[in-house]
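Below: the structure, in structure tokens.
The values are calculated or read from the model by the stated rules, or taken from the named source; none is laboratory data. Keep in mind that this is a model prediction, so the values were computed, not measured. Here the Cβ positions follow ideal geometry from the backbone for every residue, glycine too, while neighbour counts run over all protein chains shown. The area values use the complete protein model at the heavy-atom level, side chains included, leaving out ligands, DNA and RNA. Shrake-Rupley method; radii C 1.70, N 1.55, O 1.52, S 1.80 Å.
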Amino acid sequence: GYTTLRYALAHSLNVIAGRLTIGDNPIAPPGQVVKYAKNMGIESPLMAVPSIALGTSEVTPLEMTSAYGTLANKGVHVSPISILKIEDKNGILIADFAPDYKEAISPQTASIITNMLQDVIETGTGAGVRRYFQYPAAGKTGTTQDFADAWFVGYTPELAAGVWVGFDDHRVKFTAEYGQGAQAALPIWAKFMEGVYKELN
């Protein structure tokens, strides 16, 4: 039946997301979804097919976390880097590095999506976060086909973090009970964020 995008996202009613990309005049054509994903930091190959709404193209945890960071940054994508500077033994700067910044989506779009993803944590599949972490946050659970992978990616205004739980060898599966992102990945994310914010305060 009819339901809102907000409710569908919060409760992982994936058929609703799928309906956005199908039909003669889709609301979100697959090619447009790919374009947005690329703008937000996804570098892996993406198939411009309707099932992209269900996450059927594989991406890395770093890419996914980087994309969610775009939402935390009000639409500005910051390329992830691991080394900020290199100094010699005397503290003389040899090289320094800075991330690339680009506006990937509008601040308004980022704000709306963030508000919807907050509902995932407050009333939806991510509600388990509140057992450990009480600060304002937004995020999304995820589970891939046949329970091979479990995800939780989320963010606060200060920090985006992602957790992937799975096996490189997809012949090894979770049980259905533990294959869901809310069961396997979310508690790790929430405890990590709890620890980070204890250090910050």
Give me a count of the residues in segment 108-117 that are polar (S, T, N, Q) and open to solvent by 60 Å² or more (accessible area, probe 1.4 Å).
3
When you scan segment 155-196, how many residues do you find that are out of contact with any helix residue (DSSP H, G or I) (no Cβ under 9 Å at 6 or more places or on another chain) and at pLDDT 95 or above?
6
Per-region count, segment 63-107, residues in contact (Cβ under 8 Å) with a residue 24 or more places away in the chain and either out of contact with any Asp or Glu (no Cβ under 9 Å at 6 or more places or on another chain) or open to solvent by less than 40 Å² (accessible area, probe 1.4 Å) (or both):
21
Restricting to segment 1-13, name every residue that is assigned to a helix (DSSP H, G or I) and either open to solvent by 90 Å² or more (accessible area, probe 1.4 Å) or of a type in the set (A, V, I, L, M) (or both).
LEU5, TYR7, ALA8, LEU9, ALA10
